[in-house]
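Report on the following structure.
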Amino acid sequence: MAPADHLPAPLPAHRVPTAPTPKPCPRPRPLSAPVASTHSPSSWPSIIPGLVAATAIAAFTLFFADWLGSGLFNLGKSPVSPVMLAVLAGVLIRNTVGVDARLERGVAVASSAVLRIGLALVGLRLSISGLGKLGVQALPVVAGCMLTGWLVLPRLARAMKLKGPLVTLLTVGTTICGCTAILAVAPAIRARAEETGYAITLVVCVGLVGMLLYPFIANGLFGDDPIAAGIFLGASIHDTSQVMGAALVYSGQYLAPEALEAATVTKLLRNLTLLAVVPILAATFANRPTSQGGTVETRRASLLPAFVIAFVGMAVVRTLGDLASPALPDFGRMLWAPGLLLANQMSELLLTVGMAAVGLTVELGGIRRVGPRPLAAGVLAAAIMAVVCVILLKTLR
């Protein structure tokens, strides 16, 4: 998530339309979707309350998790992840007392811009050589999962009586990058508003379950190899925010920061496939009948998330700083090492705030409106991708 010169537009909560309608429904803009800046300084008063709310939830869960570990159970570290607590607290608040409309804009910014900045700072943990090494390890797994997904998931969805653009949206949401892929592909294939809303709800709810469960499954499968665990999380969980949440849970619970780095690089590889997939799908659906009509314009430049560029840029900064430190001992000791430590702490704090905000955007009631067949297809698709990922990792290790 790249720090930007401007603040992105706020994201509405993840919702599904209550009934089919030809009008565009409110849809969440996902973590890595390009967002144009529409905020002026005068809009800050409407953003601050939501930012404060997300920060307060994150601060409380960080304190509570620390108290559980050192105060209550005397374990030295918390038995539960503060990130998991932050997400669950956000979901609980959203689906019980609700989120006041005055908080929505700030929560949306926290779940996008703040999360992106935190992700970009993760790039400072890797040099260019480390980034390349992780990319080489993750690429075969990502390629194998993508190929299997595109061969199997459309057939699975059609076997369960799903049809039309919903099949494609479910496939791209599961194999590429969750909500980002769905919102990028929907205009290209001229999907209806309710189809897009259903696909987003499936990705959000199924991915949320994966985010909470997969870190512990990964430890059981790859406990001695945090890199493999990180690749598993990055390749099998849907949305970028969910991958980051799961990787933070794993790295915190099992003291394995390498897993966060591996999961991030793996997820970025998946995100980059949008550059090829969206134009291909746009060309494929160009001559098909549609209920919406109109033309679709796809620009590849808009599909490359800014935080991907920022992440790589931070890795370049890390490489240059590491090269300069031996030649400039005072710089390395007084500035570089403390700066890296501060960036690492800021990254974890911002990611926790962002994940609390993500929880505040999840409405579980939407899953009831999707219906049993799409829900079953979404769950089976996620399970297939996870199994394929495990097989590839076990084979390639």
Here, helices (runs of 4 or more DSSP H) confined to region 302-397 with at least 3 residues that are aliphatic (A, V, I, L, M), touching a Ser or Thr at 6+ places or on another chain (Cβ under 9 Å) and within 28 Å of L212 (Cβ to Cβ) are 337-360, 372-396
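What do you reckon, is L85 touching a Phe, Trp or Tyr at 6+ places or on another chain (Cβ under 9 Å) and either within 30 Å of L272 (Cα to Cα) or at pLDDT below 95 (or both)? Give the derivation first.
On the way: touching a Phe, Trp or Tyr at 6+ places or on another chain (Cβ under 9 Å): yes; either within 30 Å of L272 (Cα to Cα) or at pLDDT below 95 (or both): yes.
Considered against the rule, which asks whether it is touching a Phe, Trp or Tyr at 6+ places or on another chain (Cβ under 9 Å) and either within 30 Å of L272 (Cα to Cα) or at pLDDT below 95 (or both), L85 comes out as yes.
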Scanning for something of a type in the set (S, T, Y) and either within 19 Å of T264 (Cα to Cα) or surrounded by 14 or more Cβ atoms within 10 Å (Cβ to Cβ) (or both), does region 382-397 turn up at least one residue? no
For L153, which of the numbered conditions (1) in contact with a Ser or Thr (Cβ under 6 Å, 6 or more places away or on another chain); (2) exposed (fewer than 15 other Cβ atoms within 10 Å of the Cβ); (3) of a type in the set (A, V, I, L, M, F, W, C) fails to hold? (2)
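Please indicate, with yes or no, whether at least one residue in region 261-280 is small (G, A, S), assigned to a helix (DSSP H, G or I) and within 16 Å of V122 (Cα to Cα). Before you say what the answer is, go through the steps one by one.
Taking region 261-280 as the starting set, the residues that turn out to be small (G, A, S) are 262-263, 276.
Next, from what is left, pick out any that are assigned to a helix (DSSP H, G or I): 262-263, 276.
If we keep only those that are within 16 Å of V122 (Cα to Cα) as well, we get 262-263.
Taking every residue of region 261-280 in turn, at least one turns out to be small (G, A, S), assigned to a helix (DSSP H, G or I) and within 16 Å of V122 (Cα to Cα).
Yes/no matrix, rows are residues, columns are (1) modelled with pLDDT of 95 or more; (2) of a type outside the set (S, T, N, Q); (3) exposed (fewer than 12 other Cβ atoms within 10 Å of the Cβ):
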residue: A315; (1), (2), (3): no, yes, no
residue: G321; (1), (2), (3): no, yes, no
residue: S325; (1), (2), (3): no, no, no
residue: P329; (1), (2), (3): no, yes, yes
residue: G332; (1), (2), (3): no, yes, no
residue: W336; (1), (2), (3): no, yes, no
residue: L341; (1), (2), (3): no, yes, yes
residue: S347; (1), (2), (3): no, no, no
residue: G354; (1), (2), (3): no, yes, no
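Kindly establish whether L170 is of a type outside the set (S, T, N, Q), buried (at least 24 other Cβ atoms within 10 Å of the Cβ), farther than 22 Å from L115 by Cβ and at pLDDT 90 or above.
Criteria met by L170.
The values are calculated or read from the model by the stated rules, or taken from the named source; none is laboratory data. Every value quoted in this text rests on a predicted model; they were computed, and no experiment measured them. Cβ coordinates were reconstructed from backbone atoms using ideal geometry, including for glycine residues, and neighbour counts include every protein chain displayed.
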